[in-house]
Amino acid sequence: MAKLKFQSLPGMYDILPEEQKYFQKIYKVVENIANSYNFQKIETPILEPAELFSKGVGLTTDIVRKEMYSFKTKGGDFVTLRPEGTASVVRTFIEKGMRSLPQPVKLWYFGPFFRHERQQLGRYRQFHQFGFEVLGEYSPIIDAQIIKICYSILKKLGLKNFSLEINSIGCKKCRSCFKKELQVFLKRKKAGLCKNCQKRLKENPLRILDCKEEKCQRIISKAPQTVDYLCEECHNHFKEVLEFLDELGLPYKLNTHLVRGLDYYTKTVFEIINSNEKIKKIGTLIGGGRYDNLVKLLGRKDIPACGASGGIERIIDLMKFENIKIPKTSEKKVFLVQLGNLAKKRSLKLFEELRESKIKTIENFSKNSLNAQLKIADRLKIRYVLIFGQKEALENNILIRDMEKGTQKQIKLKNIVREIKKHFKKDK
Ligand code: HAM
């Protein structure tokens with residue numbers, strides 16, 4: 001087939017009508033859970049100052065270095081299509097003075113994000129995330145609660161094959177010790193690392209722990225572990241998070257090399273990973289952790305925070321793979337058939353009356369023949385068809401045809417809403 005002149009950009013796609021049910025289902029589940037945990041919804045702009053992410057997410061991260069859609073506006077501002085939501089939420093928290101609200105501030109979001117990644121299953125250039133952020137709370141109970149929320153969302157969606165991996169990367173203090181040790185260890189193995197990691201060795205050795213290259217993974221598996229370098233406070237915090245998880249009955253795996261790909265994390269980091277071996281490539285479904293230094297880094301006092309976000313497309317891919325069906329809403333409908341000029345004219349108003357009475361009505365005003373319209377109703381499997389012809393229009397009547405029974409009845413037009421509702425009630 002000849003290439004079309006206009007196609008969606010690589011890694012960007014349309015969410016077609018048949019895909020909407022997945023998005024709506026996930027949105028509903030996330031919204032209900034957010035409400036039940038007293039989170040409030042927030043929407044931040046899709047465009048933000050580029051520096052918000054270079055500073056917030058970290059200059060040496062893959063996101064900032066390779067994946068951001070950044071450009072200069074006509075007004076000369078350097079802006080970025082948001083690659084993630086946490087930095088934006090923190091910006092709002094600071095800008096809108098949310099520190100003066102009762103703490104902690106609990107916010108959730110749902111929307112599109114952009115990363116110029118190499119395309120593959122589960123990696124898109126425009127994708128969607130839901131996210132939860134809690135600002136103004138040190139307690140490890142929040143870390144556990146965020147994890148519980150993520151778990152509950154996946155369970156509620158009917159997913160079974162996922163597992164939780166958790167680690168603590170400590171605070172600035174303990175991390176600098178760890179970084180030194182890691183650097184010493186990795187320097188000895190430098191020749192075995194991929195080109196990218198050889199560069200990372202000097203700038204940000206922690207990022208090497210995130211590398212997916214097999215040869216780096218082999219080296220990483222023997223590298224020092226963050227948990228061995230935690231200060232007393234971070235150690236206790238992590239211990240308590242794990243105790244809370246035990247209390248909630250949430251199974252987890254300690255992954256002592258988990259650091260996550262964003263620089264703002266402190267203490268707890270976690271990922272909920274797809275564990276369906278047959279579709280391994282989907283990878284991480286939800287990732288998050290604590291980021292106690294980010295508010296200060298972006299301009300205000302020390303304010304502790306913790307959060308997580310989940311990739312909607314990855315969750316949908318897994319739902320489809322696991323054959324999780326979304327039940328069709330059994331909304332009852334009628335099909336309005338109109339025949340002749342007078343009936344067609346009056347049908348328009350009749351359609352409005354039915355719509356306002358909350359009777360879902362399907363029509364095809366562009367078709368004129370009875371057969372063509374009945375065929376559509378039949379294809380759509382609509383049981384009740386209203387037939388409004390020239391004669392009916394003149395006599396202020398209408399026919400109700402029961403497609404299942406093959407019967408039809410004439411009624412007064414003014415009684416139409418009552419009659420349809422009676423039929424619907426009978427079918428319950
Ligand atoms: P992240 O791990 O970069 O964390 O992204 C979270 C989730 O978004 C991933 O686990 C994945 O499911 C999905 N995701 C990321 N990139 C893509 C992509 N290119 N295509 C499809 N899905 C993708 C964050 O974004 C942090 N803001 C999470 C967080 C919130 N930490 C604290 N609060």
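Brief remarks follow.
- Members of segment 398-418 found to be touching a strand residue (DSSP E or B) at 6+ places or on another chain (Cβ under 7 Å) and under 15 Å from residue 333 (Cβ atoms), listed by number: 400, 401, 402, 403, 416
- Residue within segment 386-394 that is of a type outside the set (A, V, I, L, M, F, W, C), touching a strand residue (DSSP E or B) at 6+ places or on another chain (Cβ under 7 Å) and surrounded by 14 or more Cβ atoms within 10 Å (Cβ to Cβ) present: yes
- Within segment 147-220, helices (runs of 4 or more DSSP H) holding 2 or more residues that are touching a strand residue (DSSP E or B) at 6+ places or on another chain (Cβ under 9 Å), of a type outside the set (Val, Ile, Thr) and within 30 Å of residue 244 (Cβ to Cβ): 172-188
- Strands (runs of 3 or more DSSP E) wholly inside segment 61-132 that include at least 2 residues being within 13 Å of the ligand (Cβ to nearest atom): 105-114
- From 250, 201, 193, residue being among the aliphatic types (A, V, I, L, M) and in the same structural domain as residue 93 (by TED's automatic domain parsing): 250
- All positions within segment 1-60 that are out of contact with any helix residue (DSSP H, G or I) (no Cβ under 8 Å at 6 or more places or on another chain), surrounded by 10 or more Cβ atoms within 10 Å (Cβ to Cβ) and of a type in the set (D, E, K, R): 21, 25, 28, 31, 43, 51
- Members of segment 187-221 that are of a type in the set (A, V, I, L, M) and farther than 21 Å from residue 58 by Cα: 191, 193, 219, 220
- For segment 266-288, the set of residues classified as touching a Phe, Trp or Tyr at 6+ places or on another chain (Cβ under 9 Å), in contact (Cβ under 8 Å) with a residue 60 or more places away in the chain and either in a strand (DSSP E or B) or within 13 Å of residue 226 (Cα to Cα) (or both) consists of 266, 267, 268, 270, 272, 273, 274, 285, 286, 288, listed by residue number.
- Selected residue [β-branched (Val, Ile, Thr) and within 23 Å of residue 33 (Cβ to Cβ)] from 268, 256: 268
- Look at segment 51-67: where a residue is more than 14 Å from residue 204 (Cβ to Cβ) and a partner is basic (Lys, Arg) and near the ligand (Cβ under 10 Å from one of its atoms), sitting 6+ places away or on another chain with Cβ atoms under 6 Å, you get 67/115.
- Output for segment 230-287, where each listed residue is at pLDDT below 95 and more than 16 Å from the ligand (Cβ to nearest atom): 256, 277, 278
- For beta carbons closer than 6 Å, sequence separation of 6+ or different chains, a first residue in segment 361-386 that is assigned to a loop (DSSP other than H, G, I, E, B) and a second that is exposed (fewer than 13 other Cβ atoms within 10 Å of the Cβ), the qualifying pairs are 383/404.
- In segment 152-178, the residues that are small (Gly, Ala, Ser) and within 25 Å of residue 237 (Cα to Cα): 152, 163, 168, 170, 176
- Within segment 42-60, restricting attention to residues that are hydrophobic (A, V, I, L, M, F, W, C) and under 14 Å from residue 297 (Cα atoms), the residue that is nearest to the ligand (Cβ to nearest atom) is 57.
The values are calculated or read from the model by the stated rules, or taken from the named source; none is laboratory data. All figures in this text were calculated on a predicted structure; none of them were measured in a lab. Neighbour counts are summed over all protein chains in view; Cβ atoms, including those assigned to glycine, are modelled from backbone coordinates with ideal geometry.
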